[in-house]
1. Has the range 49-65 got any residue that is within 23 Å of VAL143 (Cα to Cα), at pLDDT 90 or above and among the basic types (Lys, Arg)?
2. With the checklist (1) among the charged types (D, E, K, R); (2) part of a helix (DSSP H, G or I); (3) in contact with a Gly (Cβ under 8 Å, 6 or more places away or on another chain) in hand, flag the one item ASP63 doesn't pass.
3. List the number of the failed condition for LEU45; all other conditions in (1) assigned by TED's automatic domain parsing to the domain that holds LEU166; (2) at pLDDT below 75 hold.
4. Of all the helices (runs of 4 or more DSSP H) wholly in the range 93-194, which have at least 3 residues that are at pLDDT below 90 and not polar (S, T, N, Q)?
5. I need a count of the residues in the range 58-71 that are buried (at least 21 other Cβ atoms within 10 Å of the Cβ) and either aliphatic (A, V, I, L, M) or more than 10 Å from SER100 (Cβ to Cβ) (or both).
6. For the range 66-76, how many residues meet the condition of being of a type outside the set (Asp, Glu), over 26 Å from PRO112 (Cβ atoms), assigned to a helix (DSSP H, G or I) and touching a residue at least 24 places away in the same chain (Cβ under 8 Å)?
7. Within the range 100-119, how many residues turn out to be closer than 22 Å to VAL2 by Cα, surrounded by fewer than 24 Cβ atoms within 10 Å (Cβ to Cβ) and in contact with a strand residue (DSSP E or B) (Cβ under 9 Å, 6 or more places away or on another chain)?
Amino acid sequence: MVELTKLLESEGFSTAQARDILNDIWEEGDSSSTETLKVLADLELLFKILKKNDVKIAISTSDSRSGTMETIKELHLEKYVDHIVCGDDQNIVPKPDPYSAYKICSELGVDPSETVMVGDTKADVGMGRSAKLGWNVGVLSGVGNSSDLAGDADHVISSIKDMLPLILPGTEWQQYYKYRSGKSLAFFNLFSIM
């Protein structure tokens, strides 16, 4: 929505006019049911393992706050997420600008060099690189492909679950692969902070 607002502004509309136009015509996806979400990973178990290992979890997404919050609630993830930055938040600067990464790190009191960014678009890994985050992981289970992600990513993985062996010491992460629930879950631009 931020980029569409900027586009309308470049065509001569004021910010208020652009937002009014977009609010009148913009339709959020159906987040009333997880049946319409693509099955990618058991995010609830993944987040539970990360939290058990004292990893702070944040989400940086270009999606709207209302749609993001509805989806997080539907997927029972709200108790695991420490901070969220959405595309329609006030004064947001869209990815790949490092703004969202710095905002999250500041809010959670962590150093960017101690942060792992996991994302599925060129903008995601571009944000991680421009913010000089500790690790920048591209994931192929979303919209990006290897050639989109490899340039700015430190690692490219097939699935979000494949990040656990990268960031968790020992074998704690192995429980993820042993107990799969089969729930329908969605992938967000995950931003996990150690």
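The values are calculated or read from the model by the stated rules, or taken from the named source; none is laboratory data. No experiment lies behind these values; they were computed from the predicted model shown. Backbone-built Cβ (ideal geometry, glycine too); neighbour counts: all protein chains shown.
1. Checking the range 49-65: at least one residue is within 23 Å of VAL143 (Cα to Cα), at pLDDT 90 or above and among the basic types (Lys, Arg).
2. (2)
3. Exception for LEU45: condition (2).
4. Passing ranges, in order: 164-167, 174-178.
5. Step one: filter the range 58-71 for residues buried (at least 21 other Cβ atoms within 10 Å of the Cβ), giving 58-61, 68, 71.
Checking which are either aliphatic (A, V, I, L, M) or more than 10 Å from SER100 (Cβ to Cβ) (or both) leaves us with 58-59, 68, 71.
Adding up the residues that qualify gives 4.
6. Initial filter on the range 66-76 (of a type outside the set (Asp, Glu)): 66-69, 71-73, 75-76.
Okay, now just the ones that are also over 26 Å from PRO112 (Cβ atoms), so 66-67, 71, 73, 75-76.
Subsequent filtering for residues that are assigned to a helix (DSSP H, G or I) retains 66-67, 71, 73.
Pick out the ones that are also touching a residue at least 24 places away in the same chain (Cβ under 8 Å) and you get 66-67, 71.
Residues meeting the conditions: 3.
7. Final tally of qualifying residues: 3.
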